[in-house]
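Trainee: Questions regarding the structure given below will be posed in turn.
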């Protein structure tokens, strides 16, 4: 039966999708009125040739470009401050983010602070942004975060050692460029972590307390696309069909979670990034199976449908047996993608266990656990953290 409860669907971002669509970035920025653009990227992409290609496209549209290539780790308030300084000193009027979620979230922070007073940390929470950020185009070079269409920016507050979430319709980019050809050069490790990030978005967008018919529909299709194409793209990054399906899968997952929000996997993962600098996608990959296993008793029918979307044979199984196949699939996928454990990543075991209560507290403070179908206590979260080592 279709849910009869009313819902809203926020999606004001114009999405350009398909091979070669990055060629339209100049005309798109011209339509937004941008004449002097700040490019927010990282040093790897700066050296890759993609920045030079982008310069050429913008030059053809008579648009000047300034570059901030400093987002070489998870986005921090420091990146926002550094980028904003260049934006103002260079009299920029618009922003392009080129990269994965880190570059995009830092760019969103800069865009917000270009039109609002104070510091980015002042806008922690939901609907705190007063003025719409400057025009922004987000160009995805990974297939994972879907930050190019989301209404959120996750940025580390270096003074408090935690991650803030700025959630507001005013921080959605104007245009998202999703060109699968830009992801071909991604190394296997980035393909794995960004892909698992997208799978987490799809699953959590589907089971979230804020889910609704639209988010459920696109989430299941995202699970299907990602489950099929991620192992292929990991093994052969030049497989265009797999890269294309991954780009579409992560985009659909983004549509789902940006309307339904994320849940306990993100609540577990974010503090790990803040304290131990584990990339966000990798943190989600580490915790996805355990988060699913904890949540499953609250909505086994949903996890059974997830297993079916993953391509698992659930014929003749009980609902719980079918649901458990989704968790087993993720554990097997995690092994296939060579996702490291907490200790294998290089985190000191004793320090990690000592910080487990603080990680749990920070996760609860983020609010993500409240949207989980089964709300964990602090003690339950500490237990999950402990079982990871």
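Trainee: Is it the case, given these coordinates, that residue 373 is within 19 Å of residue 203 (Cα to Cα), part of a loop (DSSP other than H, G, I, E, B) and within 23 Å of the chain's Cα centre (by Cα)?
Mentor: Numbers: within 19 Å of residue 203 (Cα to Cα): yes; part of a loop (DSSP other than H, G, I, E, B): yes; within 23 Å of the chain's Cα centre (by Cα): yes.
Yes: the conditions hold for residue 373.
Trainee: To continue, here is another question. Are there any pairs, at least 6 apart or on different chains, whose C-beta atoms fall under 7 Å, with the first in segment 41-57 and farther than 16 Å from residue 70 by Cβ and the second part of a helix (DSSP H, G or I), and if so, which?
Mentor: Listed pairs, sorted by first residue: 50/182; 54/25; 57/23; 57/25; 57/26.
Trainee: Taking segment 262-314, which residues are surrounded by fewer than 22 Cβ atoms within 10 Å (Cβ to Cβ), without any contact (Cβ under 8 Å) to a residue 40 or more places away in the chain and either in a helix (DSSP H, G or I) or in contact with a strand residue (DSSP E or B) (Cβ under 7 Å, 6 or more places away or on another chain) (or both)?
Mentor: Residues satisfying the conditions are 293, 296, 300, 301, 308.
Trainee: May I pose another question? Would you confirm whether or not segment 112-135 contains a residue that is in a helix (DSSP H, G or I), more than 20 Å from residue 367 (Cα to Cα), at pLDDT 95 or above and not assigned by TED's automatic domain parsing to the domain that holds residue 270?
Mentor: Yes: segment 112-135 contains one or more residues that are in a helix (DSSP H, G or I), more than 20 Å from residue 367 (Cα to Cα), at pLDDT 95 or above and not assigned by TED's automatic domain parsing to the domain that holds residue 270.
Trainee: Looking at residue 218, is it surrounded by 17 or more Cβ atoms within 10 Å (Cβ to Cβ), without any contact (Cβ under 8 Å) to a residue 60 or more places away in the chain and more than 15 Å from residue 142 (Cβ to Cβ)? Quick ask: steps written out before the conclusion?
Mentor: Working: surrounded by 17 or more Cβ atoms within 10 Å (Cβ to Cβ): yes; without any contact (Cβ under 8 Å) to a residue 60 or more places away in the chain: yes; more than 15 Å from residue 142 (Cβ to Cβ): yes.
Criteria met by residue 218.
Trainee: Going through 227, 256 one at a time, which residue ends up being out of contact with any strand residue (DSSP E or B) (no Cβ under 6 Å at 6 or more places or on another chain), in the same structural domain as residue 341 (by TED's automatic domain parsing) and either within 20 Å of residue 173 (Cβ to Cβ) or without any contact (Cβ under 8 Å) to a residue 40 or more places away in the chain (or both)? I'd like the intermediate steps shown before the answer.
Mentor: Working: 227 fails: either within 20 Å of residue 173 (Cβ to Cβ) or without any contact (Cβ under 8 Å) to a residue 40 or more places away in the chain (or both).
Result of the check over 227, 256: 256.
Trainee: Could you check, for segment 101-109, whether at least one of its residues is at pLDDT 95 or above, part of a helix (DSSP H, G or I) and over 20 Å from residue 45 (Cβ atoms)? First the steps, then the outcome.
Mentor: Start the filter on segment 101-109 by keeping residues that are at pLDDT 95 or above, which leaves 103-109.
Among the residues that remain, those that are also part of a helix (DSSP H, G or I) are: 103-109.
This time we only want the ones that are over 20 Å from residue 45 (Cβ atoms), so: none.
No - not one qualifying residue is present in segment 101-109.
Trainee: OK, next. Working only within segment 155-173, note down all residues that are buried (at least 19 other Cβ atoms within 10 Å of the Cβ) and touching a strand residue (DSSP E or B) at 6+ places or on another chain (Cβ under 6 Å). It would help to see each step written out before you state the result.
Mentor: From segment 155-173, those buried (at least 19 other Cβ atoms within 10 Å of the Cβ) are 155-156, 162-168, 170-173; that's our starting set.
Correct list: 155, 156, 163, 164, 165, 166, 167, 171, 173.
Trainee: Right, here's the next one. Could you check how many residues of segment 47-63 are surrounded by fewer than 15 Cβ atoms within 10 Å (Cβ to Cβ) and in contact with a strand residue (DSSP E or B) (Cβ under 9 Å, 6 or more places away or on another chain)?
Mentor: 1
Trainee: Run residue 166 past the list (1) more than 22 Å from residue 288 (Cα to Cα); (2) touching a residue at least 60 places away in the same chain (Cβ under 8 Å) and report the number of the one that doesn't hold.
Mentor: (2)
Trainee: Now, a different point. Quickly run through segment 299-310 and pick out the residues that are over 15 Å from residue 216 (Cβ atoms) and over 24 Å from the mean Cα position of the chain (by Cα).
Mentor: 300
Trainee: Can you pull out every residue in segment 131-146 that is surrounded by 24 or more Cβ atoms within 10 Å (Cβ to Cβ) and closer than 14 Å to residue 37 by Cα? Show your work before the answer.
Mentor: We begin by selecting, within segment 131-146, every residue surrounded by 24 or more Cβ atoms within 10 Å (Cβ to Cβ); these are 133, 136-146.
Hits for segment 131-146 are 133, 136, 137, 138, 139.
Trainee: Can you pull out the residues in segment 345-366 that are out of contact with any helix residue (DSSP H, G or I) (no Cβ under 8 Å at 6 or more places or on another chain) and without any contact (Cβ under 8 Å) to a residue 60 or more places away in the chain?
Mentor: Narrowing segment 345-366 to residues out of contact with any helix residue (DSSP H, G or I) (no Cβ under 8 Å at 6 or more places or on another chain): 346, 348, 350-351, 354, 365.
Scanning segment 345-366 gives 346, 348, 350, 351, 354.
The values are calculated or read from the model by the stated rules, or taken from the named source; none is laboratory data. Here the structure is a predicted model, which means the values were calculated and not measured. With ideal geometry, Cβ positions are generated from the backbone for all residues, glycine too; neighbour counts draw on all protein chains shown.
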